[in-house]
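To start, the structure itself, in structure tokens.
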Amino acid sequence: MKGKNKYNMFQKHHQVIYNCILTSILFCMISCSGNSTGTDTLENGRELRPGDAFIKVSGDLNFESEAIAMFNYLTPLGEHQWFIGINNMFDNPGNDLFVMNIEIRSASEIDLPDTGTYNIGSGGTDSGIYLGVFSSLPGNSGAVAYSSRAGNGGGTLTITETTNSFVKGELEFRAVFDPELNPGQQGSGALQIDGVFYALPFN
């Protein structure tokens, strides 16, 4: 029974990563064909347009990257899930490719989060704590997944503006190599992830 529970957990989180990749492809196709209006200018002068994000990664990996950002509501395996998905699969042709989810889960329906600061950590169902999963997708080897629930991971998600049409904010969290998300792989280490986002809905 224990092995079956671990398999179900593995299946659940990898389904989320797969959904993020798939919806990101469709999202990019839609956003690239439409007209974006309005921008959000950061203190460092970097300008975010609707659907954009900027991520800085340090630790096991070290890079900065522009990315695309979306938010979505899913019910995988009967569990309610609201998440912000960020990836640079189209904006970065190099080796520093990644897919990232910041998600909250519940056994019942989830409302669009209000503005404020939320904890990123264990991501337990109905805990009110978000789970951060960062998957590195290097060009010549398999994906490596880090999460905020492993080791001494954790941080915060700050939502500065939110409507049914967009969610703006910033995030900072430590993600640690997660054995449950890397079956058969030996690994260790951690990442510090900082970023800003202007996420659009995908539905």
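The values are calculated or read from the model by the stated rules, or taken from the named source; none is laboratory data. Just so we're clear, the structure is a prediction, and the values are computed from it rather than from any experiment. Remember, those area values only see protein heavy atoms, side chains included, never the ligands or the DNA or RNA. Shrake-Rupley method; radii C 1.70, N 1.55, O 1.52, S 1.80 Å.
Below are the figures for this structure:
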{"read-out": "1.4 Å probe accessible area per residue over segment 116-199, in Å²", "value": "41"}
{"read-out": "Accessible carbon and sulfur surface of segment 74-166 relative to its total accessible area, %, 1.4 Å", "value": "46"}
{"read-out": "Amide hydrogen neighbours beyond the local backbone of Phe98, cut-off 5 Å, H modeled", "value": "Asn88, Met89, Leu137"}
{"read-out": "Inter-part distance where segment 140-179 and segment 46-73 are each reduced to a Cα centre, Å", "value": "11"}
